[in-house]
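The values are calculated or read from the model by the stated rules, or taken from the named source; none is laboratory data. None of these values were measured; they are calculated from a predicted model. Here the Cβ is made from the backbone with ideal geometry for all residues, glycine too, and neighbour counts use every protein chain on show. Heavy atoms of the whole protein, side chains included, go into the accessibility calculation; ligands, DNA and RNA do not. Shrake-Rupley method; radii C 1.70, N 1.55, O 1.52, S 1.80 Å.
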Amino acid sequence: MSSAGLVGLEREDGLAIVTFDSPPLNLFDRALEQGLVAALHDLESDRPRAVLFRAQGRAVSGGVDVSLFAALSGPEEAALTFDRLVELTRRVDRLPCPTVFAAHALCLTWAFELALACDLILAAESASFGLVEKVIGLTPAMGGTQRLAERAGSGRARELVMAGKPFPAADLERWNVVNRVLPDDGFDVAAREFAHELAAGPTLAHAATKQVIRAYLEGGVELADERVGAVAGELFVSADLQGALRSFLQDGPGKAKFRGR
């Protein structure tokens, strides 16, 4: 199967839906990596208003095809490989629109790390998440550890990585890793509806929110305070803000239609 077939990309009214479909377990290998690279290139060159990452099959992913690591010649090639993989999650993190990861089932290693690079994580009740690299004597190397620490604190990050086992979605919601746990029945439809709602919103304002949060993560409240004025001020040249102001004054709140510009 071609890499394009393993990672599908469809667009619905401003929402881009990226689907991983490499049965039986959506294992990460070179072909899936190439499909993800192609999808990210498409998202960066033709920007959507929101992105939903999802998967087909009985698992979001069972992990990585271990032969990928076995083929590495040594530390230098391994470091180059991991640098390349981290850049994929950084590219997801930098997308200037809301990004949602929907996990309907078991979500291990690379898929969990990609989810952590998204703005929001939705999980079905029966989903579970794990960074299980310890089984081959490795530590997560696609950005998962640090992004877990960002969401849940360093103590929980240590626990999840050192335990090296899947944790249920309910635990991760309680630890502020997963944003929402939804019923298994109708999960995919609910995730799509959630992402469509974000795509219909003020795209530039959402991008600005991401900039402010990034400033906070880089330098705390002080740096975010320094930057928020300019970031929010730039929105006053947007058609969405000007149209929403007029709509609010003429028709009341909640009636504006946003177009992402």
message: Helix check for the chain. Which DSSP H runs span at least 15 Å along their own axis by Cα, with a mean Kyte-Doolittle hydropathy no less than -0.5?
response: 30-45, 187-199, 203-233, 239-251
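Quick check: from the Cα gyration tensor, does region 103-218 come out rounded (a/c under 1.5), prolate or oblate? Display every interim value, and only then the final one.
Working: a/c = 2.23, a/b = 1.26, b/c = 1.77.
The shape class here is oblate.
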- prompt: Counting DSSP beta bridges in region 1-72, what percent are antiparallel, to the nearest 5?
  reply: 45 percent
field: GNM result for the chain, Cα springs below 10 Å: residue of Arg54, Arg192, Arg11 fluctuating most strongly
entry: Arg11
query: From the square roots a ≥ b ≥ c of the eigenvalues of the alpha-carbon gyration tensor of region 12-168, which class results: rounded (a/c under 1.5), prolate (a/b over b/c), or oblate?
result: rounded
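Find the accessible area per residue for region 1-103; the probe is 1.4 Å, ligands and nucleic acids are left out, and the unit is Å². Please report the intermediate quantities before stating the final value.
Details: 4650 Å² over 103 residues.
With the other protein chains kept in place, region 1-103 gives 45 Å² per residue.
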- line: If one builds a Gaussian network model of the chain from Cα atoms under 10 Å apart, the most fluctuating residue listed among Ser126, Ser22, Ser61 is Ser126
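Relative contact order of the chain, please, whole-number percent, based on alpha carbon pairs below 8 angstrom and at least 6 residues apart.
On the way: 457 pairs, mean separation 41.6, N = 261.
Result for the chain is 16 percent.
Tell me the net charge near Phe258. Cut-off is 14 Å between Cβ atoms, Phe258 excluded, with +1 for each Lys or Arg and -1 for each Asp or Glu. Let's see the in-between values first.
Numbers: positive: Arg49, Arg246, Lys255, Lys257, Arg259, Arg261; negative: Asp13, Glu197, Asp240.
Summing Lys and Arg as +1 and Asp and Glu as -1 gives +3.
Taking a 1.4 Å probe, which of Glu193, Glu133 shows the most accessible area, and what order do the others take after it? Could the numbers behind the result be given before it?
Working: Glu193 120, Glu133 20 Å².
From most exposed to least exposed: Glu193, Glu133.
If you roll a 1.4 Å probe over region 1-100 with all protein chains in place, what percent of the accessible area is carbon or sulfur? Spell out each step's value before the answer.
Details: 2430 of 4640 Å².
Solvent-exposed carbon and sulfur of region 1-100 make up 52 percent of the total.
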- prompt: Taking all protein chains as present, what is the carbon and sulfur share of the accessible area of region 176-259, in % to the nearest whole number, probe 1.4 Å?
  reply: 57 percent
